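K.L.:
Below are the structure tokens for one structure; questions will follow.
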Amino acid sequence: MHTKLCLLLSCLFLFSTCAVQQPPKVTTPFPDDGTSVFHDQNKKPFYHGVASGDPLSNSVIIWTRVTPESVGQVRVKWTISTDKNMSRDKKSGTITTDAAKDYTVKVDVRNLQPNTTFYYQFEALDGKSIIGRTKTAGENDPSAVKLAVVSCSNYEAGYYNAFARIAERDDLNAVVHLGDYIYEYQPDGYSDPTLDRKHLPAKEITTLSDYRTRYSQYRLDKDFQKVHQMHPFITIWDDHEVANNVYKEGAQNHQPEDGDFMTRKEAAKQAYFEWLPVRDNATKDIYRTVTFGNTVDLIMLDERLVGRTYPVDSVGQAEFNAEDRTMLGAKQLDWFKNELSSSTATWKVIGNQVIFSPCDISGLGFGSPVNLDAWDGYPYERGQISQFLEKNNIQNVIITAGDTHSSWAFEVPSDDKKSTIAVEFGTPSITSSNSDERTPVDQVMQAEKVLAAKNPHLKYSDLRNHGYLILNLTQEEAVAEWYYVDKLNAPSDKEMLGKKYVVQKGMNKLN
Ligand SMILES: [Fe+2]
């Protein structure tokens with residue numbers, strides 16, 4: 001039981017994968033990849049809906065994908081407006097897309113008013129897209145900021161009821177996705193096998209064509225499409241956007257028969273930048289800061305592909321504490337420190353993939369006393385960050401984490417454990433399995449009690465529920481609320497508030 005719990009807690013599952021390397025497929029706009037059954041003809045040729053992301057005070061990324069019926073360049077017109085009829089404060093332009101971009105379309109719309117709701121739409125091939133809604137960030141503005149924080153949206157694990165609930169909200173500035181947006185596994189590789197939600201292509205994804213098809217399938221889901229339509233997203237990848245437990249030079253779920261790792265990693269990054277509404281940059285880096293007025297600096301990190309060095313197998317391994325074992329790497333760490341110390345926003349919210357706080361899991365009866373895939377596995381660099389926060393008296397830091405499919409609230413201890421330097425909130429999965437699918441609930445609750453007893457700085461854990469985290473940040477306080485859906489194995493509109501904490505400004509304390 002506890003082994004299973006561990007597996008679910010930390011994504012450390014080690015099942016064999018049987019990926020077969022397929023020859024590169026010629027990219028055509030036709031959905032010959034199995035996804036055509038999900039194409040709603042009423043949306044032609046914009047079957048994948050719309051999305052927006054990375055809002056600044058004067059610009060935002062708008063996104064769509066056009067699916068033409070013959071190969072070649074497609075000219076797409078975009079329009080943005082402050083009203084749903086697309087007439088007020090209207091701006092428009094055209095952009096060309098083709099197979100080289102997998103027919104995705106991304107526009108960085110500039111010269112917009114700050115803290116304003118916009119509506120946008122695309123036109124091409126005699127069709128119009130659905131109308132999306134988005135919002136720019138504030139500028140020198142003390143307004144409250146409300147973020148939905150999500151992670152781990154495995155298509156095969158269940159229905160996206162949590163995305164549907166978030167889509168219904170009209171009080172959000174943005175949705176922050178902390179990664180595991182897609183999963184790389186073959187059908188039934190990591191799933192609820194009772195559901196008719198099988199991965200496409202029907203293999204472990206390893207090539208550019210594979211990754212594109214997988215994104216296409218996820219974005220044809222009506223609830224995933226709806227949440228993108230209604231809110232701007234700010235996203236980072238975790239491991240499954242490439243392969244389980246990925247690091248700079250390899251991954252647990254990458255074997256020699258999967259081909260060259262660096263080629264796979266570049267393919268995964270290319271598909272991510274094509275299919276996600278992230279702002280393009282030459283090096284395809286995702287670490288960046290999104291500023292919401294003077295209330296929030298949202299600092300997004302990459303803890304997988306630019307700086308994460310080799311993993312260790314145990315805390316007893318000689319290299320465990322080595323200074324050259326990093327999660328961010330020197331360049332990103334310098335940037336991160338600078339973002340922290342130069343921030344003038346009241347709250348510094350860190351978009352972080354894996355749990356930062358130390359967490360003793362030895363009481364759960366499995367091998368390692370800590371999760372080696374989380375910051376507990378990279379203690380030297382974590383110490384550098386903790387000491388930097390403490391020495392520079394950087395206040396009002398809120399770390400958010402995904403990855404574990406579970407909910408957490410920590411008062412983050414300093415490196416010497418003598419004080420508290422931040423708070424940390426872990427968001428549960430949208431769908432990816434945790435303990436409730438496989439372990440009797442009384443045993444899961446017992447595990448939560450063991451965690452609490454071993455970790456006095458851990459104020460809340462829930463290893464049973466799925467849903468999302470809402471962060472409401474004002475000049476005075478930060479409020480965190482965990483919302484849970486009632487089921488994953490069928491569509492449902494029920495949700496409940498599972499837990500709430502308030503953090504007063506200047507206090508690293510959970511009330
Ligand atoms: Fe995950």
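K.L.:
When segment 326-357 is examined, which residues are found to be assigned to a helix (DSSP H, G or I) and farther than 16 Å from residue 424 by Cβ? Give the steps one after another, and end with the answer.
P.N.:
Residues of segment 326-357 that are assigned to a helix (DSSP H, G or I), as a first pass: 330-342.
Selection gives 330, 331, 332, 333, 334, 335, 337, 338, 339, 341, 342.
K.L.:
Evaluate segment 126-135: report whether one residue or more is polar (S, T, N, Q), farther than 29 Å from residue 347 by Cα and open to solvent by 10 Å² or more (accessible area, probe 1.4 Å). If you could, list the steps in order and put the result at the bottom.
P.N.:
Taking segment 126-135 first, the residues polar (S, T, N, Q) are 129, 134.
Then keep just the ones that are farther than 29 Å from residue 347 by Cα; that gives 129.
Those still in the list that are open to solvent by 10 Å² or more (accessible area, probe 1.4 Å) too: none.
Checked against the condition, which is being polar (S, T, N, Q), farther than 29 Å from residue 347 by Cα and open to solvent by 10 Å² or more (accessible area, probe 1.4 Å), segment 126-135 yields no hits at all.
K.L.:
Still on this structure: Do we have residue 331 as within 24 Å of the chain's Cα centre (by Cα) and open to solvent by 20 Å² or more (accessible area, probe 1.4 Å) here? Show your work before the answer.
P.N.:
Numbers: within 24 Å of the chain's Cα centre (by Cα): yes; open to solvent by 20 Å² or more (accessible area, probe 1.4 Å): yes.
So residue 331 passes the test.
K.L.:
From the set of residues in segment 275-325 that are of a type in the set (S, T, N, Q) and either outside the structural domain of residue 173 (by TED's automatic domain parsing) or not in a loop (DSSP other than H, G, I, E, B) (or both), which is farthest from the chain's Cα centre (by Cα)?
P.N.:
From segment 275-325, those of a type in the set (S, T, N, Q) are 281, 283, 289, 291, 294-295, 309, 314, 317, 321; that's our starting set.
Now restrict to residues that are either outside the structural domain of residue 173 (by TED's automatic domain parsing) or not in a loop (DSSP other than H, G, I, E, B) (or both): 289, 291, 321.
Values: 289: 15, 291: 18, 321: 28 Å.
Per the criteria, the residue is 321.
K.L.:
Considering 497, 510, 473, 488, which residue is among the hydrophobic types (A, V, I, L, M, F, W, C) and not assigned by TED's automatic domain parsing to the domain that holds residue 218? So that I can check it myself, show each step before the final result.
P.N.:
Working: 497 fails: not assigned by TED's automatic domain parsing to the domain that holds residue 218; 473 fails: not assigned by TED's automatic domain parsing to the domain that holds residue 218; 488 fails: not assigned by TED's automatic domain parsing to the domain that holds residue 218.
From the options 497, 510, 473, 488, the qualifying one is 510.
K.L.:
Can residue 192 be described as within 16 Å of the ligand (Cβ to nearest atom) and open to solvent by less than 10 Å² (accessible area, probe 1.4 Å)?
P.N.:
Details: within 16 Å of the ligand (Cβ to nearest atom): yes; open to solvent by less than 10 Å² (accessible area, probe 1.4 Å): no.
So residue 192 fails the test.
K.L.:
Continuing with the same structure: Could you tell me whether residue 106 is assigned by TED's automatic domain parsing to the domain that holds residue 466, in contact (Cβ under 8 Å) with a residue 60 or more places away in the chain, within 23 Å of residue 84 (Cα to Cα) and away from the ligand (no atom under 16 Å from the Cβ)?
P.N.:
Numbers: assigned by TED's automatic domain parsing to the domain that holds residue 466: no; in contact (Cβ under 8 Å) with a residue 60 or more places away in the chain: yes; within 23 Å of residue 84 (Cα to Cα): yes; away from the ligand (no atom under 16 Å from the Cβ): yes.
Here the answer is no, as residue 106 does not meet what is asked.
K.L.:
Select the strands (runs of 3 or more DSSP E) contained entirely in segment 387-483, then report the ones holding at least 1 residues which are closer than 30 Å to residue 338 by Cβ and without any contact (Cβ under 8 Å) to a residue 60 or more places away in the chain.
P.N.:
Details: elements: 397-401, 407-413, 420-426, 458-462, 467-473.
Where strands (runs of 3 or more DSSP E) fall fully within segment 387-483 and carry at least 1 residues being closer than 30 Å to residue 338 by Cβ and without any contact (Cβ under 8 Å) to a residue 60 or more places away in the chain, they are 397-401, 407-413.
K.L.:
Hey, does segment 462-482 have a residue that's open to solvent by 10 Å² or more (accessible area, probe 1.4 Å), at pLDDT 95 or above, in contact with an Asp or Glu (Cβ under 7 Å, 6 or more places away or on another chain) and within 29 Å of residue 346 (Cβ to Cβ)?
P.N.:
no
K.L.:
I've got another one for you. Restricting to segment 158-189, name every residue that is touching a His at 6+ places or on another chain (Cβ under 6 Å), closer than 24 Å to residue 60 by Cα and open to solvent by 10 Å² or more (accessible area, probe 1.4 Å).
P.N.:
Hit for segment 158-189 is 172, nothing else.
K.L.:
Separate question: From the list 433, 419, 461, exactly one residue is in the same structural domain as residue 181 (by TED's automatic domain parsing), within 16 Å of the ligand (Cβ to nearest atom) and among the small types (Gly, Ala, Ser). Which is it? Steps first, please.
P.N.:
Working: 419 fails: within 16 Å of the ligand (Cβ to nearest atom); 461 fails: within 16 Å of the ligand (Cβ to nearest atom).
Testing whether each residue is in the same structural domain as residue 181 (by TED's automatic domain parsing), within 16 Å of the ligand (Cβ to nearest atom) and among the small types (Gly, Ala, Ser) leaves just 433.
K.L.:
I'd like the full set of residues that are modelled with pLDDT of 95 or more and not β-branched (Val, Ile, Thr), limited to segment 58-83.
P.N.:
The answer is 58, 59, 63, 65, 73, 75, 77, 78, 81, 83.
K.L.:
Filter segment 410-461 for residues that are closer than 22 Å to residue 358 by Cβ and among the basic types (Lys, Arg); which is most open to solvent (accessible area, probe 1.4 Å)?
P.N.:
Restricting to residues being closer than 22 Å to residue 358 by Cβ and among the basic types (Lys, Arg), the top hit is 418.
K.L.:
Just give me the residues in segment 205-240 being charged (D, E, K, R), within 16 Å of the ligand (Cβ to nearest atom) and out of contact with any strand residue (DSSP E or B) (no Cβ under 7 Å at 6 or more places or on another chain), in sequence order. Show your work before the answer.
P.N.:
Going through segment 205-240, the residues charged (D, E, K, R) turn out to be 210, 212, 214, 219, 221-223, 226, 238-239.
Those still in the list that are within 16 Å of the ligand (Cβ to nearest atom) too: 214, 238-239.
Within segment 205-240, 214, 238 meet the criteria.
K.L.:
Another question, if that's okay. Quick check on segment 220-234. Is at least one of its residues in contact (Cβ under 8 Å) with a residue 40 or more places away in the chain and over 30 Å from residue 108 (Cα atoms)?
P.N.:
The answer is no, given that none of the residues of segment 220-234 is in contact (Cβ under 8 Å) with a residue 40 or more places away in the chain and over 30 Å from residue 108 (Cα atoms).
K.L.:
In segment 111-155, what residues are touching a helix residue (DSSP H, G or I) at 6+ places or on another chain (Cβ under 8 Å), of a type outside the set (A, V, I, L, M) and within 16 Å of the ligand (Cβ to nearest atom)?
P.N.:
The answer is 153, 155.
K.L.:
Identify, by number, the condition in (1) without any contact (Cβ under 8 Å) to a residue 40 or more places away in the chain; (2) away from the ligand (no atom under 16 Å from the Cβ) that residue 251 doesn't meet.
P.N.:
So residue 251 meets the others, but not (2).
K.L.:
Further question: Looking for something within 16 Å of the ligand (Cβ to nearest atom) and either under 25 Å from the mean Cα position of the chain (by Cα) or outside any loop (DSSP other than H, G, I, E, B) (or both) - is there at least one such residue anywhere in segment 358-365? Break it down into steps so the answer makes sense when it comes.
P.N.:
Kept after step one, since they are within 16 Å of the ligand (Cβ to nearest atom), are these residues of segment 358-365: none.
No, that holds for no residue.
K.L.:
Shifting gears a bit: Does at least one position in segment 255-266 carry a residue that is assigned to a loop (DSSP other than H, G, I, E, B), within 16 Å of the ligand (Cβ to nearest atom), in the same structural domain as residue 346 (by TED's automatic domain parsing) and not hydroxyl-bearing (Ser, Thr, Tyr)?
P.N.:
As a first pass, look at segment 255-266 and keep what is assigned to a loop (DSSP other than H, G, I, E, B): 255, 259-260.
Right, trim to within 16 Å of the ligand (Cβ to nearest atom) and you get none.
Scanning segment 255-266, I find no residue that is assigned to a loop (DSSP other than H, G, I, E, B), within 16 Å of the ligand (Cβ to nearest atom), in the same structural domain as residue 346 (by TED's automatic domain parsing) and not hydroxyl-bearing (Ser, Thr, Tyr), so the answer is no.
K.L.:
Additional query: Just one of (1) surrounded by 21 or more Cβ atoms within 10 Å (Cβ to Cβ); (2) farther than 24 Å from residue 390 by Cα trips up residue 492, so point out which.
P.N.:
With respect to (1) surrounded by 21 or more Cβ atoms within 10 Å (Cβ to Cβ); (2) farther than 24 Å from residue 390 by Cα, residue 492 is out only on (1).
K.L.:
Condition test on residue 94, is it more than 28 Å from the chain's Cα centre (by Cα), of a type in the set (Val, Ile, Thr) and open to solvent by 40 Å² or more (accessible area, probe 1.4 Å)?
P.N.:
Numbers: more than 28 Å from the chain's Cα centre (by Cα): yes; of a type in the set (Val, Ile, Thr): yes; open to solvent by 40 Å² or more (accessible area, probe 1.4 Å): yes.
It is true that residue 94 is more than 28 Å from the chain's Cα centre (by Cα), of a type in the set (Val, Ile, Thr) and open to solvent by 40 Å² or more (accessible area, probe 1.4 Å).
K.L.:
Name the pairs whose Cβ atoms lie under 7 Å apart, with the first residue in segment 265-283 and touching a residue at least 24 places away in the same chain (Cβ under 8 Å) and among the polar types (S, T, N, Q), the second surrounded by fewer than 23 Cβ atoms within 10 Å (Cβ to Cβ) and not in a loop (DSSP other than H, G, I, E, B), and 6 or more positions between them or separate chains?
P.N.:
Listed pairs, sorted by first residue: 270/208.
K.L.:
Would you call residue 162 within 16 Å of the ligand (Cβ to nearest atom) and not in a loop (DSSP other than H, G, I, E, B)? Show your work before the answer.
P.N.:
Working: within 16 Å of the ligand (Cβ to nearest atom): yes; not in a loop (DSSP other than H, G, I, E, B): yes.
Against the criterion (within 16 Å of the ligand (Cβ to nearest atom) and not in a loop (DSSP other than H, G, I, E, B)), residue 162 qualifies.
The values are calculated or read from the model by the stated rules, or taken from the named source; none is laboratory data. Note that the structure is a prediction, hence the values are computed from the model and not measured. Positions of Cβ are generated from backbone atoms using ideal geometry, with glycine treated the same way; all protein chains shown enter the neighbour counts. Only protein heavy atoms, including side chains, enter the accessible area calculation; ligands, DNA and RNA are left aside. Shrake-Rupley method; radii C 1.70, N 1.55, O 1.52, S 1.80 Å.
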